[in-house]
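Everything below concerns the one structure shown next.
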Amino acid sequence: MESVIQCFDIHEHIINASHIRSYPCSSRDEFKPLKLHVKQYVPNDHEDLGSDAVTIIAASGIGFPKECYEAFFADIFKRCKKQGIKIRAFWIADQVTTASSGILNAGDLGTSLSWWDHSRDLLHLINVFSEQMLRPLIGLGHSLGGTQLAYLSTLHPALFNSLILIEPPIYPTMERKHGVAHARLMLRRKTEWTSREQAEKSMRKAPYFKKWNPFALARYFQFALQDLPPSAENPGAVRLATSKHLEVAHIFRLNDQGLGLQGLESLPPKDRKTIPDIDPSASENAPLYSPWTREMFFRLPNLRPWVLYIDGDSTTTSSSPEMAKQRLKNTGTDIGGSGGEKMGTVKQVVINGAQHTMPLDEHMGEVAEAASGFIVAEMKRWQQEGTMVAWVEDGDGRIPTPPRQDERFLRTVEDYEELAKKFAKSKL
């Protein structure tokens, strides 16, 4: 089964997470940085990459170890290679609560989590390894990870050339009945077993895993479970590496006192620090609230990267078809945005019969086909646009200047009044 990823040399890294988390109690000690466990998948075909290879920054869904996506990455790589597109590397980090990162942070994690912490963690990761992450960068996010990459693109609009967002939960109204039901299932799950074999046998019975890709499922069992300290009774006991309570904390925040329901003017400063993102205009704010899906929805018009949404027509987890259409319509249409669907910068692919786990299940190939096709098109666009903004050296070979830009700029400054009158008339 390891032959699935023989196309990669895999490098592991451990780095600090970004400093200062979003909420109080995000970590037990803010002076002790949380850790990120990172993997870098470098194609081992040993081609000369030059400057026309793409770097892909990936982000996972809630509770999925990063290794679950390895077969998906390999499928994308092989499809892109057939089209002559070179991939420099795939990079992905477990969220601080999840799998290998969660194990590194055991005992240091708090109980108040923000989706946007991982967005900033990814920006920190890119800065740490900037010499290996040459442009263009394409974001590839599944579920929660898609929303986090979209948010990162609003923090740094020029960071990503493009985004591939698979079932991202981005919508103005939290579909509470699905979220609460999902959270209850998480909390009721069994978390410890006497052996890995027993754990795997037990979880394989769940309908949730029935249609998973075999390699992705094997990776899930390998990295989602953590060995417990051996005891005489259970020498091979294991438990879930990701706390079920922290998984639920990734879906909702607690507001069981109903703070802010009467408007922001009723919210004193001390409470604004603990629930700074409560929105009285949201349909539901208590006893649980989920601010991130709504916040990102209203940021969509300013999204600059070109975007491909990949959705399943049988999903019940991410959003309804109506919400997906609304999301598609709103993306990139305002100041700073890419132009939106009408200008061809935002697209959607719907996978027939697919559900929320589509990059990990029987639909993996279809999702990889859609993603790789978009990557190929975006790399061709990058290569074409690169010739338009190429830099050249000036006469003494030291100071790079954009061709033909400096003369136009100086001339415009000199002729400002005349040109300003011309443009003022054109607006009438």
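Bear in mind these aren't lab numbers, they're just calculated from the coordinates by the rules spelled out. For clarity, every value in this text was computed on a predicted model and none was experimentally measured. Here Cβ is always computed from backbone atoms with ideal geometry, including for glycine, and neighbour counts include all displayed protein chains.
Overview of results
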| item | result |
| --- | --- |
| Compactness relative to 2.2 N^0.38 Å, alpha carbon Rg of the stretch 107-168 | 1.17 |
| Dimensionless Rg/Rh of the chain - Kirkwood Rh, Rg from C-alpha atoms | 1.00 |
| Mean Cβ count within 10 Å, highest first, over the residues of peptides 114-121, 339-346 | 114-121, 339-346 |
| Residues residue 32 and residue 313, FRET efficiency given R0 of 60 Å [Cβ-Cβ distance, rounded to 0.05] | 0.85 |
| Order of 413, 4, 350 - criterion: other Cβ atoms within 10 Å of each residue's Cβ, fewest first | 413, 350, 4 |
| Restraint check, 82/380; 190/244; 211/244; 86/347; 325/347, Cα-Cα greater than 18 Å | 211/244; 86/347 |
| Simple label model, 7 Å out from Cα along Cβ direction - residue 195 to residue 274, nm | 4.7 nm |
| Spin-label pair residue 347/residue 210, simplified geometry with 7 Å Cα→Cβ offset, distance in nm | 3.4 nm |
| Sorted by Cβ neighbour density within 10 Å, fewest at the top, the residues 349, 180 | 180, 349 |
| Gain upon complete extension [residue 334, residue 286; 0.36 nm per residue less C-alpha separation] | 14.1 nm |
| Globularity index of the stretch 61-130, i.e. its alpha-carbon radius of gyration over 2.2 N^0.38 Å | 1.35 |
| Alpha carbon centroid spacing (whole Å) that separates the stretch 1-76 from the stretch 254-310 | 29 Å |
| Net dipole in debye of the chain [+1 Lys, Arg Cβ; -1 Asp, Glu Cβ; about Cα centre; nearest 20] | 1000 debye |
| Choice from 16, 285, 352 showing the highest fluctuation, given a GNM over the chain with Cα pairs closer than 10 Å | 352 |
